[in-house]
Amino acid sequence: MTQDSNGGPDTEPMRDGSDTPADDTFRLLERARDGDREALQDLFSRHIPVLRRWASGRLPRWARDIADTQDLVQETVLQTFKRVGDFQPRGEGALQAYLRQALMNRIRNEFRRARRRPAHEDLDEEVAGDRTSPLEAAIRQEQLDRYDAALARLSEQERDLIVARVEVGLTYEEIAEALGKPSWNAARMATARALLRLAEELKRGT
């Protein structure tokens, strides 16, 4: 079973009856760290399609307009797996969460590059890199399905606001520009309303 477009667990196929998906992923990562190109290719074939499905159902229209989503996914996975030795698996689904955050960081950088914003000296410190995102630090892995389900019940604009602010990490000024809001304060208020709706949906789903 694989992850669906709403971001559910990326349960991977087992090689034999004794392997759990997390164990299988861990072994592939270990082999990839040792230079096994077949293991690296196996990781690519498993995770690129899953990440593409997730991105196609998750990214707002403004993010999809920046660059071809499939290209962004492939380039993100390629760059991430070049640093595969830095990743320490924490359990089933951890690698997909790691890849999703790397993709969101790439989207944020592409957005700022497209708007030709001046570079700041502290940009590298500001961007979370491949570390766990604030979202995933606040919501434990087993709760992500519930979050995704609640997000899917919101309107398209509410989803776009939440993804832009919480997952991509845009400022309110950037959200106003991306979503056509008249001011940063209008973007802030709209985002606050969207987050309130999300909280209501999360409560309803319990």
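One line per residue, one yes/no per condition, for (1) at pLDDT below 55; (2) not polar (S, T, N, Q); (3) not assigned by TED's automatic domain parsing to the domain that holds Phe81:
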site	(1), (2), (3)
Ser18	yes, no, no
Ala22	no, yes, no
Phe26	no, yes, no
Ala32	no, yes, no
Glu38	no, yes, no
Gln41	no, no, no
Checklist line | Test for Arg64: is it in a helix (DSSP H, G or I) and within 30 Å of Glu177 (Cα to Cα) | finding: yes
Note to self: Please go through the stretch 148-159 and give me each residue that is buried (at least 17 other Cβ atoms within 10 Å of the Cβ) and either assigned to a helix (DSSP H, G or I) or free of Cβ contacts under 8 Å to residues at least 24 places away in the same chain (or both), ordered by number.
What the structure shows: Asp148, Ala150, Leu151, Glu158, Arg159
Next item on the list: Identify, by number, the condition in (1) modelled with pLDDT of 75 or more; (2) assigned to a helix (DSSP H, G or I); (3) closer than 29 Å to Phe44 by Cβ that Gln143 doesn't meet.
Entry: (1)
Check: Take the residues of the stretch 168-206 that are within 17 Å of Ala114 (Cα to Cα), β-branched (Val, Ile, Thr) and part of a loop (DSSP other than H, G, I, E, B): which is modelled with the lowest pLDDT?
Finding: Val168
Notebook entry, point to check: Mind checking which residues of the stretch 27-61 are farther than 28 Å from Leu179 by Cβ and of a type in the set (Ser, Thr, Tyr)?
Noted result: Ser45
Note to self: Which count do you get for residues in the stretch 160-187 that are of a type outside the set (Phe, Trp, Tyr) and either assigned by TED's automatic domain parsing to the domain that holds Ile107 or surrounded by fewer than 18 Cβ atoms within 10 Å (Cβ to Cβ) (or both)?
What the structure shows: 8
Item checked: Criterion: surrounded by fewer than 17 Cβ atoms within 10 Å (Cβ to Cβ), modelled with pLDDT of 80 or more and not assigned by TED's automatic domain parsing to the domain that holds Leu179 - qualifying residue of Gln96, Gln70 -> Gln70
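The values are calculated or read from the model by the stated rules, or taken from the named source; none is laboratory data. All figures in this text were calculated on a predicted structure; none of them were measured in a lab. Quick reminder, even Gly has a Cβ in these numbers, built from the backbone with ideal geometry, and neighbours come from all protein chains shown.
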